1. Inside the range 284-306, can you point out the residues that are more than 20 Å from residue 42 (Cα to Cα) and surrounded by 15 or more Cβ atoms within 10 Å (Cβ to Cβ)?
2. Return only the number of the condition from (1) part of a helix (DSSP H, G or I); (2) closer than 30 Å to residue 223 by Cβ; (3) in contact with a helix residue (DSSP H, G or I) (Cβ under 7 Å, 6 or more places away or on another chain); (4) without any contact (Cβ under 8 Å) to a residue 60 or more places away in the chain that residue 146 does not satisfy.
3. Could you tell me which residue of the range 30-56 is nearest to residue 204 (Cα to Cα), considering only residues that are in a loop (DSSP other than H, G, I, E, B) and in contact (Cβ under 8 Å) with a residue 60 or more places away in the chain?
4. Would you please name the residue that is modelled with the highest pLDDT, looking only at residues in the range 20-29 that are more than 19 Å from residue 74 (Cβ to Cβ) and assigned to a loop (DSSP other than H, G, I, E, B)?
5. Within the range 195-206, is even one residue farther than 20 Å from residue 291 by Cα and in contact with a helix residue (DSSP H, G or I) (Cβ under 9 Å, 6 or more places away or on another chain)?
6. Residue 134 fails exactly one of the following numbered conditions: (1) touching a helix residue (DSSP H, G or I) at 6+ places or on another chain (Cβ under 7 Å); (2) under 24 Å from residue 62 (Cβ atoms); (3) part of a helix (DSSP H, G or I). What is the number of that condition?
7. Are any residues in the range 178-191 outside any loop (DSSP other than H, G, I, E, B), in contact with a helix residue (DSSP H, G or I) (Cβ under 7 Å, 6 or more places away or on another chain) and surrounded by fewer than 18 Cβ atoms within 10 Å (Cβ to Cβ), and if so, which ones?
8. Would you confirm, using the coordinates I've provided, whether residue 171 is in a helix (DSSP H, G or I), surrounded by fewer than 24 Cβ atoms within 10 Å (Cβ to Cβ), in contact (Cβ under 8 Å) with a residue 12 or more places away in the chain and under 14 Å from the mean Cα position of the chain (by Cα)?
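The values are calculated or read from the model by the stated rules, or taken from the named source; none is laboratory data. In this text the structure is predicted, and so the values were computed from the model without any measurement. Cβ atoms come from the backbone with ideal geometry, glycine included; neighbour counts cover every protein chain shown.
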């Protein structure tokens, strides 16, 4: 049986320590389960889509706010709840203080919250029209496929990281642009840049796997650090993050947006300098690079989005 569906893992840490198991989850445990710190990437990507659309924001702020809330506190939060439930065995090894293995999220509350947030996300998405609802449904399907058996894409780092990257970056970006355009398909320029930044985000997802190597190896999860080793996976992640940004710079030059190209190129150059330091000790510095290098990456995304505003049919 797959480790992700064991019925003995929830509260195991609490039971071993003799701690009393709660009947109801504390609000702090629910907040930790939904991981607000992870909401930023899809919210930012949705904002990039809004900017790239070139559509004036005047009179559309309720729509924009709804889309941002849907991307982060709803769909992304759902993915975190789903992942914590089906990863409870792994978390008991890697992060025993997480809400479920620690016993602060008792019984099957983790699963119940994941289902509730899924339904709430779909309800809110319905108000954004066909594009918003379809994108949310696709994102939620990827979230469940990533974590839940029998698909459980996260068993393989190539497939799992691709699903997360597509949902967090490309899908959110395209949805923001489409919603602003009244449901019209975004232009080729937008689709291309959203795809490139999604590819780069695959490398960003790998950074998160370095902290979980021990548990992943024990539970048969073949993340890239497990498959390739620490050094090779770190180098691979850096190449995957950098190469699409090189393509973005070249495209912006070809589209006669030299100032934006220079700005994105500067962000990439700074990332390369940080990558050199990261590669000296990947496992210890993955979180450090996530905080600095990824910030530069997403700034480049927004610069690229502004470049698209001046391109007809972008």
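1. 285, 286
2. For residue 146, the exception is condition (4).
3. Of everything passing the filter in the range 30-56, 54 is nearest to residue 204 (Cα to Cα).
4. 26
5. Checked against the condition, which is being farther than 20 Å from residue 291 by Cα and in contact with a helix residue (DSSP H, G or I) (Cβ under 9 Å, 6 or more places away or on another chain), the range 195-206 yields at least one hit.
6. Every listed condition holds for residue 134 apart from (1).
7. Within the range 178-191, just 191 meets the criteria.
8. Answer is no for this residue.
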